[in-house]
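Scroll down for the structure; my scribbles are underneath it.
What follows draws every value from the coordinates through simple rules; no lab data is involved. This is a predicted model, so every value here is computed, not measured. Backbone-built Cβ (ideal geometry, glycine too); neighbour counts: all protein chains shown.
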Amino acid sequence: MPLGATWEKNGNSLPHKAYFLDSAFQKEAFTVPQEYQVCVIGLWHLGSVTAACLAEMGYSVIGVDEDTTRIAKLNVGTAPLFEPGLDALLQQGLASGRLRFTTNYADGLRGASCVWLTYDTPVNDRDEVDLTRITAAAQKIAQYLQDDAVVIVHSQVPVGTCEQLESTIRAGAPTRPFGIACVPENLRLGRALECFRKPAMIVIGSNQEATIDRVEAFCSLPPCPKVRMNLRSAEMTKHAINSYLATCVSYINELANLCDAVGANASIVSTALRMDERVSPRAPLLPGGLGFAGATLARDLRALQALGKRVGHPTHLFDAVLEVNEEQKQIVYRRLNALFGSLERLTVGILGLTYKTGTSTLRRSAAIEIARGLKNAGATVKGYDPKAAIEELCGEDVVQFCSSAEEVAANSNALVIVTEWPEFKDLDFAALGARMKDRVLIDTKNLLEPDRLRSLGYTYSDIGRGTLLESSKTGSLDRGMVCG
């Protein structure tokens, strides 16, 4: 069956039907050619979600990754990290016989009409990308790629990378015909299955119209707009989306800090702002937070900065977005210093350690960055998270992991909410306060009600609710004070 084969709705001419669970397609059946084989290379978050969802669509999928431990777990339906619904979907694919995993490139690429590169692109401490693994994968692909296959780059990569990968493959297989396309991923940790099943659009970039046609046919489900463009435009689209989102985050955080200073409520201001017809009601303009963490948004900003330097064009806006974000990360240190005079010898408990809710990863987590800063300043740091993958710290002694919020609170001078797990709303803060040395709580996500915490004797600090002006007149640590 050629790669350009079309989907047939509720047809019976082909032997395989895919049913979408918990999605817009739950009551619809679509036929997919049973012999249609797909290889997915790079199996952390992006790759495991892609492989499981493609198998759910009805494709025969082989996932490839060099990590033998990861492959062993995937082959029994255990994802590399927590993502709601992913383990069950993996197990469903394995049980159907449409999904399996291997470390063997030759096995994975044999007979594959479509190859997805799905590495979660690593970054260094400055959020600059490292393409080593993706380039090495391209070299392996060149050895085993089938004639007329299409390589889809799904990973987050800088402009120009797909053309470099194409050259790498052609250097290893100079006579083999193949196509290359860029289909930028748009998943979100904690909502990845929903994002894959119900995308707002699918961007398809290639320098050959025939390749775009073939990929569009492959991606004909789900029924969303398909935006066709060349390779570099597709890569730039991903940069554009993430840099825009990052700009919104820095914008609303800067506005929230000013609201605090003058007694305005940024949450209400944001509501009115998003009701303006020139501003989308879905714009990410919700105050409260420590800026963007992880590497997703910062990676694209750094890529655009590097591009600007390369072509000799200044990137003033992107530079400022990153600067504001770095400043926002200092709020916890500034407020603890203002209350206690020093961070040295403090015991600080952090509630919520993961990059965000709905995931287990600690990669580039704001909470871990804060813990490192506090420890370097002489504080003792404890932490609790219901899902955190502690092993990702590789033994780094940056935070004392606790099994409950109560254990974190014991003998702590302050609690800091960083990741807004819903269960934290229901904690018994009266009992927690009784275990603390000082009832200080910094709520960086505005998760809790200030009046409730004040009535329990807490010095409570949030972001953007406009209480900083009043609290600044009160002075430093004063039980019952609410500060911004």
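Computed values, structure above
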quantity: Extreme residue, positive dipole direction of the chain, given options ALA79, PHE429, SER48 (C-beta unit charges); calculated: PHE429
quantity: Ranked list, fewest to most other Cβ atoms within 10 Å of each Cβ, for ASP385, ASP438; calculated: ASP438, ASP385
quantity: Selected from ILE390, ALA371, ALA409, residue furthest toward positive end of dipole (the range 330-483; charges at beta carbon); calculated: ALA371
quantity: Fewest-first ranking of TYR59, TYR458, TYR105, using other Cβ atoms within 10 Å as the exposure measure; calculated: TYR105, TYR59, TYR458
quantity: Other-chain or far-sequence residues with amide H under 5 Å of GLN400's (modelled H); calculated: VAL381, LYS382, GLY383
quantity: Whole-percent pair-distance distribution, where bins are 5 Å wide, for the alpha carbons of the range 330-483; calculated: 2, 10, 21, 25, 21, 15, 5, 2, 0
quantity: Structure-based [θ]222 nm, the chain - -39500 (n - 2.57) summed over DSSP H runs of at least 4, per residue, nearest 500; calculated: -12000 deg cm²/dmol
quantity: Inter-label distance for ARG435 and ILE390, nm, one decimal - labels placed 7 Å from Cα along Cα-to-Cβ; calculated: 1.6
quantity: Structure-derived Cα extents along the principal axes in Å: which label, when the choices are (i) 74, 49, 41; (ii) 81, 67, 45; (iii) 100, 62, 35; calculated: (i)
quantity: Gain on full stretching of the segment that runs from ALA240 to GLN92 - 0.36 nm per residue minus C-alpha separation; calculated: 49.7 nm
quantity: Charge dipole (debye, nearest 20) of the chain; +1 at Cβ of Lys and Arg, -1 at Cβ of Asp and Glu; calculated: 200
quantity: Net lengthening on full extension, ASN265/ASP130 (0.36 nm per residue, minus Cα-Cα); calculated: 44.5 nm
quantity: More than 17 angstrom apart: percent of Cα pairs within the range 33-119; calculated: 35
quantity: Neighbour net charge for VAL49 - beta-carbon separation under 13 angstrom, K R +1, D E -1; calculated: -3
quantity: Charge dipole (debye, nearest 20) of the range 42-134; +1 at Cβ of Lys and Arg, -1 at Cβ of Asp and Glu; calculated: 440
quantity: Formal net charge of residues neighbouring ALA142 (Cβ-Cβ distance under 14 Å; K, R +1; D, E -1); calculated: +1
quantity: Order of TRP116, TRP44 - criterion: other Cβ atoms within 10 Å of each residue's Cβ, fewest first; calculated: TRP44, TRP116
quantity: Theoretical gain in end-to-end length, GLN400 to HIS313 [0.36 nm per residue, Cα-Cα removed]; calculated: 26.8 nm
quantity: Degrees, to the nearest 10: 296-311 long Cα axis against longest axis of the chain; calculated: 70
quantity: Relative contact order computed over the range 288-420 (Cα-Cα under 8 Å; 6+ residues apart), in percent; calculated: 27
quantity: The range 144-189: relative contact order as a whole-number percent, Cα under 8 Å and 6+ apart; calculated: 59
quantity: Charge sum, other residues only, whose C-beta stays under 15 Å from VAL416's C-beta, Lys/Arg counted +1 and Asp/Glu -1; calculated: +3
quantity: Computed over the chain: relative contact order in percent, which uses C-alpha pairs under 8 Å that are six or more apart; calculated: 11
